[in-house]
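Novice: First, the structure itself, so that you have it in front of you.
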Amino acid sequence: MSNINDYLNTRAEELMVYKMPRNESLMNEIFEFDPRNLEAISAADISKYAIGLAQFLIFFASQINATRVKLLQKNRVIETYISQSDIKARTKAEKRNKVIEASPELKQIEVDIEALEAEVKMTENLEKYYIELIQSFKRELTRREHEMKFTRDERRL
């Protein structure tokens with residue numbers, strides 16, 4: 001597994017997978033933003049929020065993908081042990097349980113799998129919500145742009 005991890009780390013570096021910053025202070029500012037104060041915030045700040053969220057979305061997706069890869073690897077380890085085991089059982093699930101119970105290492109891997117599966121489930125669909133928030137900020141910028149254009153056109157008349 002070391003060779004696979006080395007390969008994945010090298011590819012992640014080449015593809016700049018983990019290069020996106022995790023700007024916690026900006027994200028806190030965005031998530032604490034009160035929409036009732038929308039008119040008081042500048043367009044530059046709204047743009048900053050949209051870009052910050054887009055960067056965070058890239059970071060977020062890379063972290064979830066890394067979790068999915070770990071989950072895949074751990075499941076593969078267990079499946080390998082099960083296929084190589086000569087323990088007899090009536091069903092695949094029963095054989096899986098017996099093989100895992102026979103090995104403290106596999107018990108720990110099973111606990112890790114449960115945690116990783118819970119993490120994936122916990123973060124499921126969050127990307128959609130971040131995208132919707134980005135789109136909302138972009139719509140606000142467009143609304144302001146149209147409003148300014150309308151005001152300029154009104155003055156000309």
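Novice: Closer than 29 Å to Thr67 by Cβ and under 22 Å from the mean Cα position of the chain (by Cα), is that true of Glu124?
Specialist: For Glu124, the condition - closer than 29 Å to Thr67 by Cβ and under 22 Å from the mean Cα position of the chain (by Cα) - is met.
Novice: Inspect the range 128-145 for any residue being acidic (Asp, Glu), assigned to a helix (DSSP H, G or I) and more than 29 Å from Glu29 (Cα to Cα) and give the result as yes or no.
Specialist: no
Novice: Now for a different question. Given (1) among the acidic types (Asp, Glu); (2) outside any helix (DSSP H, G or I); (3) surrounded by fewer than 10 Cβ atoms within 10 Å (Cβ to Cβ), where does Glu124 come up short, assuming only one miss?
Specialist: Every listed condition holds for Glu124 apart from (3).
Novice: So how many residues does the range 32-53 have that are touching a residue at least 24 places away in the same chain (Cβ under 8 Å) and either surrounded by fewer than 16 Cβ atoms within 10 Å (Cβ to Cβ) or basic (Lys, Arg) (or both)?
Specialist: Qualifying residue count, the range 32-53: 3.
Novice: Leu116 versus (1) surrounded by 12 or more Cβ atoms within 10 Å (Cβ to Cβ); (2) more than 30 Å from Asp45 (Cα to Cα); (3) over 15 Å from the mean Cα position of the chain (by Cα); (4) not charged (D, E, K, R): which is the lone unmet condition?
Specialist: It fails just one condition, (3).
Novice: Has the range 68-75 got at least one residue that is without any contact (Cβ under 8 Å) to a residue 12 or more places away in the chain and either among the basic types (Lys, Arg) or over 20 Å from Leu141 (Cα atoms) (or both)?
Specialist: Within the range 68-75, one or more residues are without any contact (Cβ under 8 Å) to a residue 12 or more places away in the chain and either among the basic types (Lys, Arg) or over 20 Å from Leu141 (Cα atoms) (or both).
Novice: Here is a list: Glu79, Glu14, Glu24, Glu29. Which entry is surrounded by fewer than 16 Cβ atoms within 10 Å (Cβ to Cβ), of a type in the set (D, E, K, R) and more than 25 Å from the chain's Cα centre (by Cα)?
Specialist: Exactly one of Glu79, Glu14, Glu24, Glu29 is surrounded by fewer than 16 Cβ atoms within 10 Å (Cβ to Cβ), of a type in the set (D, E, K, R) and more than 25 Å from the chain's Cα centre (by Cα), namely Glu79.
Novice: Which of (1) of a type outside the set (D, E, K, R); (2) modelled with pLDDT under 90; (3) closer than 25 Å to Asp6 by Cβ does Ile87 not meet, given it meets every other one?
Specialist: Result: Ile87 passes all but (3).
The values are calculated or read from the model by the stated rules, or taken from the named source; none is laboratory data. Predicted, not measured: the structure shown is a model, and the values here were computed from it. Counting neighbours? That spans all protein chains shown, and the Cβs are built from the backbone with ideal geometry, glycine included.
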